[in-house]
Amino acid sequence: MTLKSIGIIIAAFGLAAASPAQSEDLLVTQYKNDPSGAPYGIALEKGFFKAHGLDISGIISGAGGGSSVRNAIASDLGYGDVTAAPVIAAAEQGQDVKIVGITSRSLADLVVIVMPDSPLKSPADLKGKKFGISNPKSLGEMMGVLVMEQAGLKQGDVQMTALGSLSGALTALENGVVDVTSIPVVLFRTRGGESKYRVLVSPKDLPLIPSQLGMATSKAMKEWPDKLRAIQAARREGTRFIYEHTDEAIEILSKVYAPLPPSEVAIMMKQLVEAKFWSEGRIEMPLLERTVHAMKGVGMLQKDVDLKKVVDSSFLPPDLQK
């Protein structure tokens, strides 16, 4: 080998070493329209991803449902923060996905509302009434089933009425077509909040099932496990920051949820902090079992799921793997 050849090889290695790590996007379902992804926004703004050696250039807002699961599978990272039910359904159908962490542990990112003059005072009053949902087998229908059960009602006591979209369900409520509906809290506050509607169930009283969770492909788990660990660790720091520095978190997240006024973001965030909405990541099996129960209740599943085959907690910080 000539000295010139050796020089070229050394230069090539030098360039490779000097090249920055490839920046990547992170997929989070309804990132700007739902507070589930708030810890990622904090982690991005405060540099927690970089502190764990991960270059995240931005957060992509997934559309939700099975679409977000498919997009996460196809993404460069092979990771996504997505709605719980479609991940479980995909895994049950043999798709290459695992649950690697729970990111929100209740449905407090949704709100159950009626019109101010409604005679309904509690979920127990829903018997014989119409509950507006966007589509069958949606998170809204799962919410309705769980709220109904929590009130001691049976399936069939409440009529689930599909309106095609969240805005359609809201319009139906305003026009008296349905008696009650559930919508994302960001949409609720964008459309007038408590000045226009009455909350039937407060966030802290909503069912404990994860609205979103972290999922990864086996390729990601095998080929870049350190990235998955970095995502989980950075997101955990973002979650802790929200609970420990709520006012500063509100300032950061007001940019994410604009044009929602900062005052409305503050109300939303403080209610979710009180409800202990965000999880640091620990996989709580009872919450997933309740999700499976709700999925069966709306016809997404016909039988129980062996959840132990669907989860992998090894990418969480060690103290959260227990």
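The values are calculated or read from the model by the stated rules, or taken from the named source; none is laboratory data. Values in this document were obtained by computation on a predicted structure and should not be read as measured data. Every residue, glycine among them, receives a Cβ derived from its backbone with ideal geometry; neighbour counts consider all protein chains shown. Accessible surface areas use protein heavy atoms only, side chains included; no ligands, DNA or RNA. Shrake-Rupley method; radii C 1.70, N 1.55, O 1.52, S 1.80 Å.
Out of residues 5 or more away from residue 80 or on other chains, whose amide H comes under 5 Å of its own, with H placed 1.01 Å from N in the peptide plane?
215
So what is the relative contact order for the chain, in percent, with contacts set as C-alpha pairs under 8 Å and at least six apart?
Answer for the chain is 26 percent.
Under 5 Å between amide hydrogens, which residues at least 5 positions from residue 129 or on another chain qualify, with H placed 1.01 Å from N in the peptide plane?
For residue 129, whose amide H was placed from the backbone, the distant partners under 5 Å are 159.
Take every DSSP beta bridge with both residues inside region 58-183 and express the antiparallel ones as a percent of the total, to the nearest 5.
Around 35 percent antiparallel, to the nearest 5.
Using the charge dipole of the chain (Lys, Arg: +1 at Cβ; Asp, Glu: -1 at Cβ; taken about the Cα centre), state which of 233, 87, 181 has its Cα farthest towards the positive end.
The residue sitting most towards the positive pole is 87.
Listed highest first by mean packing, meaning other Cβ atoms within 10 Å per residue, what order do 158-166, 208-216 come in?
So the order, starting with the most tightly packed, is 208-216, 158-166.
Could you work out the Kirkwood radius for region 88-246, taking every pair of different alpha carbons, averaging 1/r and inverting it, reported in Å?
Mean inverse Cα-Cα distance, inverted, gives 17.5 Å.
Above 19 angstrom, tally the Cα pairs of region 53-111 and express them as a % of all pairs, no decimals.
Tail of P(r) above 19 Å: 32 percent of Cα pairs.
Based on a Kirkwood Rh over C-alpha pairs, give the Stokes-Einstein translational diffusion coefficient of region 94-183 at 37 °C and viscosity 0.692 mPa s in µm²/s.
237
Using a cut-off of 17 Å between alpha-carbon atoms, which aspartates and glutamates can reach residue 50, once sequence neighbours fewer than 8 places away in the same chain are excluded?
24, 25, 226, 237
For region 147-212, give the magnitude of the charge dipole about the Cα centre (Cβ charges: +1 Lys/Arg, -1 Asp/Glu; no others), in debye to the nearest 20.
Using Cβ point charges on Lys, Arg, Asp and Glu, region 147-212 gives about 220 debye.
Mean 1/r over all different Cα pairs, inverted: what Kirkwood radius does region 173-276 give, in Å?
For region 173-276, inverting the mean 1/r across all distinct Cα pairs yields 16.4 Å.
Each label point is 7 Å from the Cα along the Cα-to-Cβ direction; what then is the distance between the points at residue 270 and residue 23, in nm?
3.6
Restricting to Cα pairs below 8 Å that are 6+ residues apart, what does the relative contact order work out to for region 252-322? Please round to a whole percent.
The normalised contact order for region 252-322 reaches 27 percent.
What three numbers, in Å, describe the spread of the alpha carbons of region 244-286 along their principal axes, ordered from the longest?
37, 18, 14
Would you compute, from DSSP H runs of 4+ residues alone, the mean residue ellipticity of the chain at 222 nm, taking -39500 (n - 2.57) per run and dividing by the full residue count, rounded to the nearest 500?
-13000 deg cm²/dmol
What are the residues whose amide H is under 5 Å from the amide H of residue 60, where those residues sit 5 or more places off or on another chain and H is modelled from the backbone?
Amide H neighbours of residue 60: 26, 27, 28.
Got a sec to turn the phi values of region 235-249 into Karplus ³J(HN,Hα) couplings, 6.51 cos²θ - 1.76 cosθ + 1.60 with θ = phi - 60°, whole Hz, x for Gly and Pro?
5, 4, 4, x, 5, 4, 4, 4, 6, 8, 9, 4, 5, 5, 4
Beyond 23 Å, what share of the Cα-Cα pairs of the chain remains, rounded to the nearest whole percent?
Of the Cα pairs, 58 percent sit more than 23 Å apart.
Report, to the nearest whole %, how much of the accessible area of region 185-320 belongs to carbon and sulfur atoms, 1.4 Å probe, protein only.
Using a 1.4 Å probe with all protein chains present, region 185-320 comes out at 52 percent carbon and sulfur.
Spelling out what I want: for every residue of region 208-215, take phi, set θ = phi - 60°, compute 6.51 cos²θ - 1.76 cosθ + 1.60 (Karplus), and round to whole Hz; glycine and proline get x.
These are the phi-based 3J(HN,Hα) values: 8, 9, x, 6, 9, 8, x, 10 Hz.
When DSSP beta bridges are limited to those with both residues in the chain, what percentage is antiparallel, rounded to the nearest 5?
55
I'd like the Karplus ³J(HN,Hα) series for region 79-85: coefficients 6.51, -1.76, 1.60, θ = phi - 60°, whole numbers in Hz, and an x wherever there's a Gly or Pro.
Residue by residue, region 79-85 yields 9, x, 9, 9, 4, 5, 4 Hz.
Output the pairs from 98/219; 121/276; 98/308; 129/154 with a Cα-Cα distance over 20 Å in this structure; if there are none, say none.
121/276, as the Cα separations exceed 20 Å there.
Hey, what did region 102-252 get for relative contact order, percent, Cα under 8 Å, at least 6 apart?
Here the relative contact order equals 37 percent.
Quick check for me: using +1 on Lys/Arg Cβ and -1 on Asp/Glu Cβ, what's the dipole size of the chain about its Cα centre, in debye to the nearest 20?
In debye, rounded to 20, the chain gives about 360.
Plugging the Kirkwood radius over Cα pairs into Stokes-Einstein for region 143-218, at a temperature of 4 °C and a viscosity of 1.567 mPa s, what D comes out in µm²/s?
91
To the nearest 20 debye, what is the magnitude of the charge dipole of region 103-253 about its Cα centre, counting +1 on the Cβ of each Lys and Arg and -1 on the Cβ of each Asp and Glu?
Magnitude of the dipole: close to 420 debye.
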